[in-house]
Amino acid sequence: MSIPPDDTDITTAGTSSAATRLLGTLAVVGVAWLVAFGLLFSPADRDQRESVRIMYVHVPSAWLAYLAFIVTAGASALYLFRAAHSLAWDRLAGASAEVGVVFMGITLLTGMLWGRLSWGVFWTWDARLTTTAFLFVTYVGYLAVRRLGGTHQQRARRSAAVALLGVLEIPLVHFSVRLWRNLHQESTVARPDGDVKMDGLMLFSLVVGLVAFTLLYVWLVIHRQRALVLEDAAEDHGLEQALSDRRAEAALPGGR
Amino acid sequence: MEDAGFIIGSYVVTFGVIGAYAVAMLTRARRLARRVADEDKPWT
C-alpha cells in the first residue's frame with residue numbers, strides 16, 4: 001500500500017462500482033418481492049397460521065449465516081495453506097464473518113419473535129437455540145480477535161485459526177434438532193428423505209427469500225471486503241506517517 | 001392479519017438491521033476513501 005502524496009488522484013467513490021450498483025439494485029428488487037410474497041401473497045399455514053410469514057426471513061438469514069461462516073473458513077484455509085498467504089483471502093474471511101454475524105443476529109431476533117407466537121416465550125434453553133447463540137458468540141469473538149492488533153499477517157494467521165475451529169460448530173447447530181429432544185422443529189425443506197413438506201406458494205416465498213438474502217450477502221461482502229482494503233491502506237499510511245514524524249524529530253538538534 | 005405486530009416487526013427488524021449495517025459500513029468506507037490513493041482502489 002502506498003502513501004498518497006498531495007498531487008495523487010483521490011476520489012471519494014467509496015467502495016461502489018458499476019457491478020455493485022447493479023447487484024444492489026437486484027437485491028432491492030429481491031427484497032421487494034420477498035416482502036410482497038412473504039406478507040401478502042403466500043397463504044397462512046395450517047399449524048403455524050400467520051406466524052409462518054416470519055419463516056421467510058428467519059430461515060434464509062440462518063442459511064446465509066451458515067454460508068457466510070463456511071466462506072470464512074474456506075477463505076481462511078486458502079490464506080493459511082497457500083504459499084502466497086494473500087491478505088485478499090483474509091479480508092474475504094473477515095468480511096464474510098462480519099456479514100454472517102449480522103445474519104445470525106437477525107436469525108436469533110426473528111426466531112425470538114416466532115418463538116413468542118408459537119411457544120409463548122421469547123427464549124428457552126432449547127438445543128437449537130442454545131447452539132445457535134453459541135455460534136453467534138463464537139463469531140463475535142472471531143471479530144474481536146481480528147482487532148487484537150499487530151501486523152496484517154499476524155491478524156490473518158490468528159483469525160484464520162479461530163475460523164477453522166468455529167466452523168466445526170455448524171454441523172452441531174444444524175443437527176441439534178435430531179441429536180437432542182427439543183422444541184425446535186426439524187427441517188421442512190432440507191430433509192434427508194428429500195420430501196419437501198410445503199405448499200407451492202409457501203415454498204416459492206421461501207426461495208424468493210433465499211435469493212434476495214443471497215444477493216444481499218454478496219453485495220454486503222463485496223463492500224465490506226473493499227472497506228477492509230481501505231482500512232488496511234489507511235492504517236499503513238498512518239504508521240508510515242508516524243515513523244516519518246519520529247525520524248524528523250530525532251534528526252533535530254538535541255533530538256533522541 | 002393475526003399477530004401483525006410480531007410479523008411486521010420481524011421484517012422491520014430484519015431489514016432495519018441490514019440497512020443500518022450497510023449505511024454505517026458505506027459511510028465509514030467513504031470517509032476512508034478520502035485518505036487512500038486511487039491506485040489502491042482497484043475497483044475504481
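The values are calculated or read from the model by the stated rules, or taken from the named source; none is laboratory data. Computed from a predicted structure; not experimentally measured. Reconstructed Cβ throughout: ideal geometry from the backbone, glycine too, with neighbour counts over all protein chains shown.
Here is how the numbers come out for the structure above:
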| read-out | value |
| --- | --- |
| Filter result for B:Glu39 (loosely packed, with under 15 Cβ neighbours inside 10 Å, part of a helix (DSSP H, G or I), more than 19 Å from the chain's Cα centre (by Cα) and facing chain A (nearest Cβ under 7 Å)) | yes |
| Candidate set from segment A:20-43 (those that are facing chain B (nearest Cβ under 8 Å) and aliphatic (A, V, I, L, M)); member that is nearest to A:Asp199 (Cα to Cα) | A:Leu39 |
| Residues located in segment A:224-256, provided they are part of a helix (DSSP H, G or I), free of Cβ contacts under 8 Å to residues at least 12 places away in the same chain and hydrophobic (A, V, I, L, M, F, W, C) | A:Ala234, A:Leu239, A:Ala242, A:Leu243, A:Ala248, A:Ala250, A:Ala251 |
| Sole residue being surrounded by 23 or more Cβ atoms within 10 Å (Cβ to Cβ), within 9 Å of chain B (Cβ to nearest Cβ) and in contact with a Phe, Trp or Tyr (Cβ under 8 Å, 6 or more places away or on another chain), chosen from A:Leu220, A:Leu230 | A:Leu220 |
| Residues of segment A:194-238 classified as closer than 13 Å to A:Leu23 by Cβ, in contact with a Gly (Cβ under 7 Å, 6 or more places away or on another chain) and either at pLDDT below 95 or of a type in the set (Val, Ile, Thr) (or both), total | 1 |
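Table: residues versus (1) in contact with a Ser or Thr (Cβ under 9 Å, 6 or more places away or on another chain); (2) of a type in the set (Lys, Arg).
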| residue | (1), (2) |
| --- | --- |
| A:Val101 | no, no |
| A:Trp125 | no, no |
| A:Phe134 | no, no |
| A:Arg147 | no, yes |
| A:Thr151 | no, no |
| A:Leu164 | yes, no |
| A:Leu168 | no, no |
| A:Val173 | yes, no |
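Yes/no per residue for (1) in a loop (DSSP other than H, G, I, E, B); (2) facing chain A (nearest Cβ under 7 Å); (3) at positive phi; (4) of a type outside the set (Phe, Trp, Tyr):
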site: B:Phe6; (1), (2), (3), (4): no, yes, no, no
site: B:Gly16; (1), (2), (3), (4): no, no, no, yes
site: B:Ala24; (1), (2), (3), (4): no, no, no, yes
site: B:Thr44; (1), (2), (3), (4): yes, yes, no, yes
